[in-house]
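Engineer: Quick one: the structure is below, questions incoming.
What follows draws every value from the coordinates through simple rules; no lab data is involved. Note that this is a predicted model, so its numbers are computed, not measured. A quick note on method: Cβ atoms are made from the backbone with ideal geometry, for glycine too, and the neighbour counts reach across all protein chains shown.
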There are 2 protein chains.
Amino acid sequence: MRVLGVDPGLTRCGVGVVEGEPGRQCRLIMGGVIRTDPDADLAERLLSVETKLTAILQKYAPDAVAVERVFSQHNVASVIPTAQASGVAMLAGARRGLPVTTYTPSEVKAAVTGYGDADKKQVTLMVTRLLRLTEAPRPADAADAIALAICHVWRGGAKALLGRAQSKGARQ
Amino acid sequence: MRVLGVDPGLTRCGVGVVEGEPGRQCRLIMGGVIRTDPDADLAERLLSVETKLTAILQKYAPDAVAVERVFSQHNVASVIPTAQASGVAMLAGARRGLPVTTYTPSEVKAAVTGYGDADKKQVTLMVTRLLRLTEAPRPADAADAIALAICHVWRGGAKALLGRAQSKGARQ
């Protein structure tokens with residue numbers, strides 16, 4: 001299963017593609033950051049995020065998209081552009097007919113570090129370890145997006161395993 | 001000049017197309033509300049808003065798009081989906097190469113009623129009068145989107161007039 005993780009943002013939008021199976025090691029396919037010009041028109045910036053995300057979806061052909069859920073508790077100054085960028089990211093996935101799932105930061109942290117209140121450094125460290133990278137993903141902003149993708153592989157896997165267990169139970 | 005006004009929302013997204021010249025009476029081309037299924041997947045709902053907006057852009061071919069600006073002071077429960085829908089609306093306009101402008105509710109109210117703190121009823125009343133309609137636009141949610149479009153025609157006009165005055169001054 002190949003997953004695109006998106007840590008939405010208008011100035012910096014983290015992206016990461018990971019391949020793996022539930023309960024197994026994941027493999028990093030790509031990690032990066034989409035940047036838009038802060039001086040550009042808002043609508044142009046959103047179009048730029050969408051165009052670049054669509055190019056990534058075409059190039060890496062993931063099976064699913066995982067996007068960080070935006071809360072109103074986020075930084076008040078950035079919550080609106082972040083929500084707008086997340087809307088565009090979800091739209092880009094849905095337009096390609098892919099399932100789009102959102103995860104809270106706590107869910108992602110818990111998935112990769114075992115602890116929902118883990119800090120950014122811990123997340124980056126665990127992403128580096130889990131993918132057996134020789135150094136932390138660069139740019140650093142990509143780590144959160146990669147963690148989202150890992151979270152989806154594993155959580156999707158947990159559901160698939162549960163589904164299998166349930167159908168097995170039903171047969172008994 | 002033909003303008004599409006969008007009052008963004010995920011459950012109800014107001015739309016209105018108006019044609020006019022700065023300082024002259026505007027003509028209503030269409031008004032309506034895009035609805036999405038509250039039980040559907042978030043990404044699917046955003047895709048549905050974008051698909052319907054794109055169909056309106058194609059059918060009515062406006063010269064510009066005016067979208068209500070979303071603030072973090074908005075209703076906390078709805079600010080995130082509203083911001084996501086606004087991002088999708090701006091994207092839809094930008095993708096067609098149209099200029100997209102955002103206006104605050106106060107700017108729109110001031111444009112159509114002369115008073116930035118006007119209530120919804122006053123806005124609807126003035127939209128009905130300004131367009132010389134025999135009754136208020138239906139559904140009611142469309143009135144705000146129509147007011148946005150009128151605001152853009154008039155404000156865009158103010159800028160155009162200013163531009164003309166300036167170039168006139170430069171020639172003297």
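Engineer: Filter region B:35-76 for residues that are facing another protein chain (nearest Cβ under 8 Å) and assigned to a helix (DSSP H, G or I); which is surrounded by the fewest Cβ atoms within 10 Å (Cβ to Cβ)?
Structural biologist: Among those residues, the one meeting the criterion is B:76.
Engineer: Also: Out of A:82, A:101, A:113, report the one residue that is of a type in the set (Ser, Thr, Tyr) and closer than 19 Å to residue B:8 by Cβ.
Structural biologist: Just a single option satisfies the conditions, and that option is A:82.
Engineer: Sticking with this structure for a sec: Just one of B:98, B:42, B:10 is of a type in the set (A, V, I, L, M, F, W, C), under 17 Å from residue B:149 (Cα atoms) and either touching an Asp or Glu at 6+ places or on another chain (Cβ under 7 Å) or in contact (Cβ under 8 Å) with a residue 12 or more places away in the chain (or both); which is it?
Structural biologist: Residue meeting the stated conditions: B:98.
Engineer: How many residues are closer than 25 Å to residue A:10 by Cα and either in a loop (DSSP other than H, G, I, E, B) or not hydrophobic (A, V, I, L, M, F, W, C) (or both) if we restrict to region A:118-138?
Structural biologist: Here the count works out to 9.
Engineer: To continue, here is another question. Quick one: in region B:120-134, which of the residues that are surrounded by fewer than 18 Cβ atoms within 10 Å (Cβ to Cβ) and free of Cβ contacts under 8 Å to residues at least 40 places away in the same chain is nearest to residue B:25 (Cα to Cα)?
Structural biologist: Residue satisfying both the conditions and the ranking: B:129.
Engineer: Now, a different point. Anything in region B:77-108 that is over 15 Å from residue A:43 (Cβ atoms) and facing chain A (nearest Cβ under 9 Å)? List them, or say none.
Structural biologist: B:77, B:79, B:80, B:81, B:82 - these are the residues of region B:77-108 that are over 15 Å from residue A:43 (Cβ atoms) and facing chain A (nearest Cβ under 9 Å).
Engineer: Within region B:80-90, is even one residue without any contact (Cβ under 8 Å) to a residue 24 or more places away in the chain, surrounded by fewer than 23 Cβ atoms within 10 Å (Cβ to Cβ) and either under 18 Å from residue B:149 (Cα atoms) or out of contact with any His (no Cβ under 6 Å at 6 or more places or on another chain) (or both)?
Structural biologist: Checking region B:80-90: not a single residue is without any contact (Cβ under 8 Å) to a residue 24 or more places away in the chain, surrounded by fewer than 23 Cβ atoms within 10 Å (Cβ to Cβ) and either under 18 Å from residue B:149 (Cα atoms) or out of contact with any His (no Cβ under 6 Å at 6 or more places or on another chain) (or both).
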